[in-house]
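The values are calculated or read from the model by the stated rules, or taken from the named source; none is laboratory data. Since this is a predicted model, take the numbers as computed values, not measurements. Cβ: placed from backbone, ideal geometry, glycine included. Neighbour counts: every protein chain shown. For the accessible areas, the whole protein counts, side chains as well, though only heavy atoms, and no ligand, DNA or RNA atoms are used. Shrake-Rupley method; radii C 1.70, N 1.55, O 1.52, S 1.80 Å.
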Amino acid sequence: MISSIPAPLAGRVAIITEASRGIGAAVAIDFARRGCSHIAITYLGNIDAAKKVLSSINEISSDIKTALIRADVTSEMFGQDVVKAALSSLAVNHIDIVVSNAALSDTKTLQSMETHTKEAFDQFMTANVWSPFQLSLAAIPHMGRGGRIITISSVASRRPNVNPMVILGATKAASDSITRALAAAYPRRTGITINSVAVGPTNADALRMGMAKLPKEWTEALYVRVTAERRIAEVDDVTGVVSWLAGPDSKWVNGNFVPCSGGSMLELQG
Ligand SMILES: NC(=O)c1ccc[n+]([C@@H]2O[C@H](COP(=O)([O-])OP(=O)(O)OC[C@H]3O[C@@H](n4cnc5c(N)ncnc54)[C@H](OP(=O)(O)O)[C@@H]3O)[C@@H](O)[C@H]2O)c1
């Protein structure tokens with residue numbers, strides 16, 4: 001019997017934003033395992049963590065061409081800059097997969113609904129709505145049939161959120177709306193698919209810091225009791241769904257909000 005290693009992403013060129021840590025890092029490494037030939041990741045300040053991700057990728061295969069891009073999701077030019085830098089650092093003229101994972105969810109910027117400043121509101125909108133929107137628009141002209149854009153959304157997009165998650169949830173809802181609009185506008189001409197993955201509470205730095213700020217009974221109610229298994233996700237619970245969407249088997253899934261939250265949205269599913 002011939003044994004084979006499944007490599008559904010063989011030869012694909014991928015960009016993953018915010019991939020020095022958390023979900024983005026795990027997705028980048030999973031893409032390497034599944035055969036991507038070119039992987040560009042972005043980070044903000046933690047270059048050591050970002051370099052570790054690239055080392056893990058090259059431990060899987062030293063043939064994978066990688067690129068490290070420093071980019072701030074709160075910058076108005078984030079999307080265009082990332083696409084430009086990825087094409088030039090990877091020395092390619094096309095992109096197959098974009099995982100638009102970067103978002104502002106830093107607990108330092110989360111505020112109460114009643115006292116939220118306009119300045120912080122605008123920063124959230126730029127980072128979580130404008131930047132993924134511009135990233136998609138900048139990438140699409142470089143993508144061909146079979147291309148994939150996957151935006152990492154949140155269960156907070158559809159929940160009646162409580163402080164301090166209200167504005168963060170609203171930005172995710174706005175971004176999901178743009179995902180649907182892009183999917184309606186572009187795939188007919190381009191053959192690419194555009195979806196969002198609605199992640200629930202996941203064990204990554206942003207959530208850990210957020211939990212530390214909230215009273216224990218809140219974190220229990222908000223994050224733990226809501227999933228069917230009564231636990232938060234590990235990043236590996238999420239990567240398989242993103243990788244499946246990035247691959248050929250998901251070709252008829254388009255414009256969707258794909259929940260990946262351990263059943264935490266059961267009550268919203270009617
Ligand atoms: N974790 C959850 O519970 C959860 C739940 C729902 C949705 N999500 C979504 O999942 C995505 C990833 O979140 P995560 O929890 O995996 O994050 P995380 O572990 O906290 O990772 C932080 C990442 O964001 C980068 N970063 C921080 N500030 C940035 C900025 N201003 N511009 C660009 N990059 C910046 C960091 O770069 P450095 O390492 O260089 O600092 C690092 O790569 C986000 O879209 C988030 O909204 C997460």
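In this simple spin-label model, placing a label point 7 Å from the Cα along the Cα-to-Cβ direction at both A49 and E217 gives a separation of 3.2 nm.
For the chain, the longest principal axis of the alpha carbon atoms and the long axis of helix 166-185 meet at an angle near 40°. For the residue pairs K108/K172; K52/K108; K51/K172; K65/K251; K172/K216, alpha carbon separations beyond 23 Å are given by K52/K108; K51/K172; K65/K251; K172/K216. Ligands, DNA and RNA excluded, the heavy atoms of E217 present near 120 Å² of accessible surface to a 1.4 Å solvent probe. The phi torsions of region 26-33, fed into the Karplus equation with coefficients 6.51, -1.76 and 1.60 and a -60° offset, translate into couplings of 5, 5, 4, 5, 5, 4, 5, 4 Hz, rounded to whole numbers, with Gly and Pro shown as x. Between the amide H of V199 and those of S153, S154, V155, C260, distances stay under 5 Å, these residues lying 5 or more places away or on another chain, with hydrogens modeled in the peptide plane. Here the 3J(HN,Hα) profile of region 127-140, calculated from phi with Karplus coefficients 6.51, -1.76 and 1.60 at θ = phi - 60°, is 5, 9, 10, 4, 4, x, 4, 5, 4, 4, 4, 6, 7, 3 Hz, Gly and Pro shown as x. In the chain, the DSSP-assigned H stretches of four residues or longer account for a calculated mean residue ellipticity at 222 nm of -11500 deg cm²/dmol, using -39500 (n - 2.57) per stretch and the full residue count as denominator.
For G263, the residues 5 or more places off, or on other chains, whose built amide H falls under 5 Å of its own are A228. Between I149 and V98, T193, I194, N195, the built amide H atoms are under 5 Å apart, and every one of these is 5 or more places off in sequence or on another chain. Here the chain is treated with +1 on each Lys and Arg Cβ and -1 on each Asp and Glu Cβ, and its dipole about the Cα centre works out to around 460 debye.
Stretching the chain fully between S75 and R230 yields a gain of 52.1 nm (0.36 nm per residue, less the alpha carbon separation). In the full protein context, region 1-119 carries 50 Å² of accessible surface per residue, based on a 1.4 Å probe and ignoring ligands, DNA and RNA. Based on alpha carbons, the Rg and Dmax found for the chain are 17.8, 66 Å.
Placing unit charges on the Cβ atoms only, positive for Lys and Arg and negative for Asp and Glu, gives region 125-195 a dipole magnitude near 240 debye about its Cα centre. Filter the GluC sites (Glu not before Pro) in region 220-252 down to the DSSP loop ones having no more than 14 other Cβ atoms within 10 Å, then list what survives. Those satisfying the criteria are E229, E234. Expressed as a whole percent, the accessible area of region 118-270 that falls on carbon and sulfur atoms is 58 (1.4 Å probe). The phi torsions of region 224-232, fed into the Karplus equation with coefficients 6.51, -1.76 and 1.60 and a -60° offset, translate into couplings of 9, 5, 6, 8, 4, 8, 6, 8, 7 Hz, rounded to whole numbers, with Gly and Pro shown as x. The residue among T42, V224, H94 whose Cα reaches farthest toward the positive pole of the charge dipole of the chain, with charges on the beta-carbon of Lys, Arg, Asp and Glu, is H94.
Protein heavy-atom surface of region 1-64, 1.4 angstrom probe: 53% of the accessible area is carbon and sulfur, with nucleic acids and ligands not counted.
Helix 78-90 and the longest principal axis of the C-alpha atoms of the chain enclose an angle of approximately 30°. A 1.4 Å probe run over region 188-227, with the rest of the protein chains in place, finds 51 Å² accessible per residue. Normalised by 2.2 N^0.38 Å, with N the number of residues, the alpha-carbon radius of gyration of region 25-105 equals 1.04.
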